[in-house]
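No value in this document is a laboratory result; all are computed from the given coordinates. All figures in this text were calculated on a predicted structure; none of them were measured in a lab. When we count neighbours, we look across all protein chains shown, and the Cβ atoms used for this are built from the backbone with ideal geometry, even at glycine.
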């Protein structure tokens, strides 16, 4: 579904990143959370056994050795979280090729009340609780296992694939030699409607974006998922690309 910045998930992201959505998306990943969760489970599980050993022999070295794996996992989780908190800018610079100034501009646009959210339901969830896409005045930010940031003016064509259990957006841009596949897991019953919402919102912001798998150029039909490299070449030659009727 399409939502506004009033949504509680967006507000949570703003709080996590101290007003910086890009930083929040970088921090809010599973890696460090899994490590810390595993550490807590391990330490809680070992606690009764460790207490028995401590009562019997407080100086016994096995007590401290038993806690070591849990403590190590906890430290690794905290270090990973701190690293993601501090390296968000260099991460996006490397993954997008954008300058620091442009990334700061994206941060400002993502914090503007006009940003549109596309929210979906993950297969493991019973409610819409995941922001799959952020659309600002000039940018699209896709949120999955990794984050993808694209200028709307660079997007040539976009479509979705129905060939897998999770929906995939195919996004052909002037930055990529071929169509970038943006995979996000969601309820398969909702994926087609969700993708259409994203394409509709993209077209509102940039009417030049061709939406749909079938594209016509010079009277010949092409499929975005199959012919992305050829379509990019035609676009670069100044040939008109149009959606099939």
Point to revise | Inter-probe distance in nm under a simple model that places probes 7 Å from Cα toward Cβ, at residue 105 and residue 2 | key: 2.5 nm
Study note, to complete from the structure: Per the rule of 0.36 nm per residue minus the C-alpha distance, extending residue 87 to residue 206 adds in nm 39.7 nm
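By how many nm would the segment from residue 229 to residue 127 lengthen if fully extended, with 0.36 nm per residue of separation less the alpha-carbon distance?
Value of the extension gain: 32.9 nm.
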Review point. Between residue 239 and residue 95, what is the FRET efficiency for a Förster distance of 35 Å, r being their Cβ-Cβ separation, to the nearest 0.05?
Key: 0.70
Practice item. Describe numerically, in nm with one decimal, the distance between label points set 7 Å from Cα along Cα→Cβ at residue 44 and at residue 71. Key: 2.1 nm
Point to revise | Estimated distance in nm for a label pair at residue 153 and residue 37, the labels positioned 7 Å out from Cα along Cα-to-Cβ | key: 4.2 nm
